[in-house]
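J.: Let me begin by handing over the structure; questions about it come next.
The values are calculated or read from the model by the stated rules, or taken from the named source; none is laboratory data. A quick note: this is a predicted structure, and the numbers were derived from the prediction, not measured. Because the Cβ atoms are built from the backbone with ideal geometry, glycine has one as well, and the counts that use them run over all protein chains shown. Note: areas computed on protein heavy atoms with side chains; ligands, DNA, RNA excluded. Shrake-Rupley method; radii C 1.70, N 1.55, O 1.52, S 1.80 Å.
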Amino acid sequence: MKKYILSVLTVLAATTLFTSCNSMLDTDPRKTEMTKATFPGKAGDIDTELAGIYTIMNVLGGGDSDSWNPFYWWEIMSDNCYGSGGLQDDKVKAMHHLVQQNANQWQNPYIALYGGIKRCNDLIETIDNVPWDEDQKEFRNQVLGEGFFMRGLYTLWLTQMFGDVPLITASDVTPEMEEQVSAEEVIYPQIIADFISGKNLMGTTRGRGDGHANKFVAEAFLARAYMFWAGFYMKKGELAVDKGPDIQLVGRDGAAIEQEGCNVASVSQKNVEDALKDIVTNGGYKLCEDFRSLWQYSNSYVYNEGKYEFIKDMDPKNCFDMPGMGNGNTEELFQIQFMNASSWNIPVTYYSQQRQYCNYLSVFWGLRCNGDNGKVDHTYPFNQGWGQGTPSCNLWDDWSDAENTGGYKDIRKLGSLIDCVNELADYTFEKDDCEESGYAVKKYNAVTVMASGDSFAPWWCFTPNYSSSSLDNKMQGDNFEDFYLMRYADVLLMLTELTGDAQYMNEVQRRAGVPETGYTLKAVQNERRWEFAFEGLRFNDLRRWSGKDANESSLAARALQAQDGKMIVVRGKKDARVPMHHMTSSWAKRYAATKGFLAKPQEQINLMAGKLTQNEGWDGSEETQYVSLY
């Protein structure tokens, strides 16, 4: 990784291309002189189109996390995190209890993702406006593959959140496309087809730390999408034993999907396994030697100060900001990248955010308390933030039980969580906080250095060639840790889960310093929870292991219900903890009712005039609505 952040760059958040605005699903209101006949006109224009596509990820990662970030939501909705925060932070507590604070609570990413899909369709349809030379064919195919891949990825996130939705595969939306379709039978085949196109069109060199996708990224997400489809919709809970069926790549009309790069009629579990093995054999990715190297708290500035006990035994060459570590590390396949380009002058729309170029999760997961009037020496090396989404007692307790039963210490536990009371010098619960467990997220927490004397100065501010973002607010604007969307560790654990071959899982276990085990589904489930805590995977893992017909006795429902009765701190009263209870009914009941899908925005249901229907479990009854508990 580079040990500095670039100066403010040209902001492309509001990149404008072309559209015909005739419905909500033509949701990317870009009005300029450009038309499909004139843009793109040259190879350089392609970079503008791609910037507009990838920018949607920054909008999700840099907006207020309780309003924009689905990866954060999936942690809050799982058994890994509570809602917590202050008394006024009702949206995050609503999502934790699987209820809604308002009828349009989930609208922002719904519209933003359709905007991203629109941009992908524009690129796919106009790629050959450029008069490509023969020696540019490889670049042309790479770019087209990125367009297909990103369309599949945005569609995957959309349908994992909202289930059956309209499937948009062209920039000019027909009445047929406006109709809600089956995710199981129509949307997932298209997602898989898009990933196949991406796999076959993209090369293997681009996408190495530059934020772009490549062939191996497409292969990894092909596996993630297939495994969710096979587990959730086909109810194949243990794929190593009960193999998933082939997914037929057919469209809404029942005909085979025909698009460039998609050269197969179906995809089998064996195809998915082979794709993952291709990454292992030919991808050149490898696990970082030290799990802590993945996270910014292990940076060399903190290490050299010698005051943070947890990283004192690290090899300095493994610090976060050393070559091959941290941002752009050897196991990072795909990520949301951030840079010094946030600005209060960026117009706030569904396609742009003022803080979209900083990792705003660092603020949401930052410490609500920072000791004596915010002096960093009391919580060193961690910084102040909103304190929402605190880790659950369940995660800490389950992890500790596994360690005690196995007789080992897992470096990932304290590598992922802050044990606030025991690890920090002076952690004080705030008088307006609620649902506090006493733990905090360490992976993405904001980090500072003692030399700053200022708890609001992230460590990035002291790197060479640093210049502050034009937010002029270091706490909110100067957090640049990549958010991982796919790590090599996930490739290895997916392979073990699909094949039953423990050798891949054993690599992950060795890195963590835990005993190597043979394959069992429970072992894989535990490894996935420990390895990817707070990375947005846990909730959808629980869902695919439970199946679409999950009831209150399902794995997901039971895991969520296990939060009931855990002792939490409310209003700062650490010596008078109270038991956690569900807001309106029970977690098991709410999960069984919704199957983990969110409520579709009522505003969009109204706009679509009967073409979009609300998901089950969101009928507006009292059990579905936020109430204040604290």
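J.: Based on this model, can you work out whether A599 counts as free of Cβ contacts under 8 Å to residues at least 40 places away in the same chain and either open to solvent by less than 20 Å² (accessible area, probe 1.4 Å) or among the aromatic types (F, W, Y) (or both)?
T.: Details: free of Cβ contacts under 8 Å to residues at least 40 places away in the same chain: no; either open to solvent by less than 20 Å² (accessible area, probe 1.4 Å) or among the aromatic types (F, W, Y) (or both): yes.
Considered against the rule, which asks whether it is free of Cβ contacts under 8 Å to residues at least 40 places away in the same chain and either open to solvent by less than 20 Å² (accessible area, probe 1.4 Å) or among the aromatic types (F, W, Y) (or both), A599 comes out as no.
J.: Now, a different point. Out of the range 212-222, which residues are in contact with a strand residue (DSSP E or B) (Cβ under 7 Å, 6 or more places away or on another chain) and in a loop (DSSP other than H, G, I, E, B)?
T.: A213 - this is the single residue of the range 212-222 that is in contact with a strand residue (DSSP E or B) (Cβ under 7 Å, 6 or more places away or on another chain) and in a loop (DSSP other than H, G, I, E, B).
J.: Could you tell me which of the residues G147, G152, G115, G211 is within 29 Å of K42 (Cα to Cα), open to solvent by less than 20 Å² (accessible area, probe 1.4 Å) and at pLDDT below 95?
T.: G211
J.: When you go through V165, V181 one by one, which is the residue that is of a type in the set (V, I, T), closer than 17 Å to L598 by Cα and open to solvent by 10 Å² or more (accessible area, probe 1.4 Å)?
T.: Details: V165 fails: open to solvent by 10 Å² or more (accessible area, probe 1.4 Å).
Only one candidate passes the filter, namely V181.
J.: Shifting gears a bit: Looking at the range 83-93, can you tell me whether even one residue there is within 24 Å of I56 (Cβ to Cβ) and surrounded by 20 or more Cβ atoms within 10 Å (Cβ to Cβ)?
T.: Applying the first criterion (within 24 Å of I56 (Cβ to Cβ)) to the range 83-93 yields 91-92.
Subset that is surrounded by 20 or more Cβ atoms within 10 Å (Cβ to Cβ): 91-92.
Yes, the range 83-93 contains a residue that is within 24 Å of I56 (Cβ to Cβ) and surrounded by 20 or more Cβ atoms within 10 Å (Cβ to Cβ).
J.: Looking at L471, L495 in this structure, which one is farther than 26 Å from G406 by Cβ and open to solvent by less than 30 Å² (accessible area, probe 1.4 Å)?
T.: Being farther than 26 Å from G406 by Cβ and open to solvent by less than 30 Å² (accessible area, probe 1.4 Å) holds for just one of L471, L495, which is L471.
J.: Further question: Which condition from (1) part of a helix (DSSP H, G or I); (2) within 29 Å of G163 (Cβ to Cβ); (3) over 25 Å from the mean Cα position of the chain (by Cα) is the one that D242 breaks?
T.: (1)
J.: Another question, then. Give the residue, chosen from R510, R544, that is touching a helix residue (DSSP H, G or I) at 6+ places or on another chain (Cβ under 6 Å) and basic (K, R).
T.: Answer to the check: R544.
J.: With (1) open to solvent by 10 Å² or more (accessible area, probe 1.4 Å); (2) over 30 Å from D432 (Cβ atoms); (3) among the basic types (K, R) as the list, and R538 as the residue in question, which single condition is left unmet?
T.: R538 satisfies all of (1) open to solvent by 10 Å² or more (accessible area, probe 1.4 Å); (2) over 30 Å from D432 (Cβ atoms); (3) among the basic types (K, R) except (2).
J.: Pull out all pairs, ordered by first then second residue, where Cβ-Cβ is under 7 Å, the residues are six or more apart or on different chains, the first lies in the range 285-305 and is over 20 Å from G209 (Cα atoms), and the second is open to solvent by 30 Å² or more (accessible area, probe 1.4 Å) and modelled with pLDDT under 95.
T.: Sorted first by the residue in the range 285-305, then by its partner, the pairs are Y301/F462; E305/M450.
J.: Checking the condition within 20 Å of Y72 (Cβ to Cβ) and of a type outside the set (A, V, I, L, M), which residue from D478, D419 passes?
T.: Being within 20 Å of Y72 (Cβ to Cβ) and of a type outside the set (A, V, I, L, M) holds for just one of D478, D419, which is D478.
J.: Any chance the range 507-530 includes a residue that's open to solvent by 10 Å² or more (accessible area, probe 1.4 Å), under 24 Å from G211 (Cβ atoms) and either of a type in the set (D, E, K, R) or within 26 Å of the chain's Cα centre (by Cα) (or both)?
T.: No.
J.: To continue, here is another question. Mind checking which pairs have a first residue in the range 121-140 that is within 18 Å of D194 (Cα to Cα) and a second that is assigned to a helix (DSSP H, G or I), Cβ under 6 Å, 6 or more apart or different chains?
T.: L123/E49; L123/G147; I124/G147; I127/L144
J.: Exactly one condition in (1) modelled with pLDDT of 95 or more; (2) under 24 Å from the mean Cα position of the chain (by Cα) is false for Y357; which is it?
T.: (1)
J.: Given the options K270, K277, name the one that is open to solvent by 20 Å² or more (accessible area, probe 1.4 Å) and touching a residue at least 60 places away in the same chain (Cβ under 8 Å).
T.: On inspection, the qualifying residue turns out to be K277.
J.: Any chance the range 199-212 includes a residue that's over 25 Å from the mean Cα position of the chain (by Cα) and either free of Cβ contacts under 8 Å to residues at least 60 places away in the same chain or on the phi > 0 side of the Ramachandran plot (or both)?
T.: No, because not a single residue in the range 199-212 is over 25 Å from the mean Cα position of the chain (by Cα) and either free of Cβ contacts under 8 Å to residues at least 60 places away in the same chain or on the phi > 0 side of the Ramachandran plot (or both).
J.: Here's another thing I want to ask about it. Working only within the range 405-453, note down all residues that are of a type outside the set (G, A, S), open to solvent by less than 30 Å² (accessible area, probe 1.4 Å) and in a loop (DSSP other than H, G, I, E, B).
T.: Our first condition is that a residue be of a type outside the set (G, A, S); within the range 405-453, this holds for 405, 408-414, 417-424, 426-436, 439, 441-445, 447-450.
From what's left, open to solvent by less than 30 Å² (accessible area, probe 1.4 Å): 410, 412-413, 417-420, 424, 427, 429, 433-436, 441-445, 447-449.
Once the filter is applied, which keeps residues that are of a type outside the set (G, A, S), open to solvent by less than 30 Å² (accessible area, probe 1.4 Å) and in a loop (DSSP other than H, G, I, E, B), the range 405-453 yields D410, L424, Y427, F429, C434, E435, K442, K443, Y444, N445, V449.
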